[in-house]
1. Find the residue count for the stretch 4-59, including only residues that are of a type in the set (A, V, I, L, M, F, W, C), within 18 Å of Ala94 (Cβ to Cβ) and surrounded by fewer than 14 Cβ atoms within 10 Å (Cβ to Cβ).
2. Identify the residue in the stretch 138-157 that is in contact (Cβ under 8 Å) with a residue 60 or more places away in the chain and not in a loop (DSSP other than H, G, I, E, B) and, among all such residues, is nearest to Ser68 (Cα to Cα).
3. Which ones in the stretch 87-122 are of a type outside the set (A, V, I, L, M, F, W, C), more than 21 Å from Phe184 (Cα to Cα) and in a loop (DSSP other than H, G, I, E, B)?
4. Would you check if there is a residue in the stretch 139-154 being within 23 Å of Val93 (Cα to Cα), touching a Lys or Arg at 6+ places or on another chain (Cβ under 8 Å) and small (Gly, Ala, Ser)?
5. Condition (residue is among the small types (Gly, Ala, Ser), assigned to a helix (DSSP H, G or I), within 14 Å of the chain's Cα centre (by Cα) and farther than 21 Å from Trp20 by Cα) applied to the stretch 176-183: is it met by at least one residue?
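Every number in this text was worked out from the coordinates using simple rules, so none of it is lab data. On a predicted model such as this, the values are computed, not experimentally measured, just so you know. Ideal geometry is used to build each Cβ from the backbone, glycine not excepted, and the neighbour counts take in all protein chains shown.
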Amino acid sequence: MNEFSFLMVPGLGGSGEDHWQWLWLRDVADGRFVAQADWTCPDIDVWLAVLNRTIAACRKPVVLIAHSLGCALVAHWSERSQRGEPENPRATVAAAMLVAPGDVDRDWPEFEVIRPFAPMPLPRFAFPSIVVASTDDYFVSAERAQHFARCWGSEYVSVGPIGHISAESGCGPWPQGKAVLANFLQQQQMPRQ
């Protein structure tokens with residue numbers, strides 16, 4: 001795993017220090033947190049620019065590890081980068097793990113600030129990816145998460161009833177997710193038959 005740069009891509013509100021994304025950073029040699037200036041009123045263009053700059057600063061192939069609204073951000077970044085905008089960063093995105101992808105297409109009166117992220121981009125990603133979802137997540141149904149995975153060309157993994165897979169749902173360092181990621185990356189490095 002030392003051959004990758006790991007970028008944690010949080011969602012609305014950021015990920016606090018008890019979130020598994022922060023906890024995982026302690027265990028990787030080259031890990032970074034994609035730090036947005038405003039976590040409560042996300043501007044999609046600003047967020048995309050920050051993600052692009054963070055990817056461009058990496059010297060190794062990048063593994064994006066996104067949570068919630070961060071998954072929609074990765075989907076927008078993928079769609080735009082395939083169109084050549086913004087210019088492709090120097091670093092290569094080797095893979096992505098999209099955890100609990102918030103359903104930005106749903107009507108969220110209490111989360112109007114995410115409306116600019118809709119509709120969810122659905123073109124197939126140009127890199128291997130995996131969608132990891134819970135069976136009882138308030139922010140995305142298992143069916144919608146599976147739909148996103150099919151459209152993006154992602155592997156799909158259900159982790160059972162653990163809510164939004166966050167600190168609030170009691171995941172802590174979430175060793176199950178870390179094992180899913182390690183297994184996924186190992187599969188990507190095996191020779192294709």
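1. 1
2. Phe148
3. First, pick out the residues of the stretch 87-122 that are of a type outside the set (A, V, I, L, M, F, W, C): 87-90, 92, 101-103, 105-107, 109-110, 112, 115-116, 119, 121.
Pick out the ones that are also more than 21 Å from Phe184 (Cα to Cα) and you get 87-90, 102-103, 105-107, 109-110, 112, 115-116, 119, 121.
Once the filter is applied, which keeps residues that are of a type outside the set (A, V, I, L, M, F, W, C), more than 21 Å from Phe184 (Cα to Cα) and in a loop (DSSP other than H, G, I, E, B), the stretch 87-122 yields Glu87, Asn88, Pro89, Arg90, Gly102, Asp103, Asp105, Arg106, Asp107, Pro119, Pro121.
4. Yes, some residue in the stretch 139-154 is within 23 Å of Val93 (Cα to Cα), touching a Lys or Arg at 6+ places or on another chain (Cβ under 8 Å) and small (Gly, Ala, Ser).
5. Taking every residue of the stretch 176-183 in turn, none turns out to be among the small types (Gly, Ala, Ser), assigned to a helix (DSSP H, G or I), within 14 Å of the chain's Cα centre (by Cα) and farther than 21 Å from Trp20 by Cα.
Results for (1) in a loop (DSSP other than H, G, I, E, B); (2) farther than 21 Å from Ala167 by Cα, shown as yes or no for each residue.
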{"residue": "Asn2", "(1), (2)": "yes, yes"}
{"residue": "Leu7", "(1), (2)": "no, no"}
{"residue": "Leu12", "(1), (2)": "yes, no"}
{"residue": "Glu17", "(1), (2)": "yes, no"}
{"residue": "Leu23", "(1), (2)": "no, no"}
{"residue": "Val28", "(1), (2)": "yes, no"}
{"residue": "Arg32", "(1), (2)": "no, no"}
{"residue": "Ala35", "(1), (2)": "yes, no"}
{"residue": "Trp39", "(1), (2)": "yes, no"}
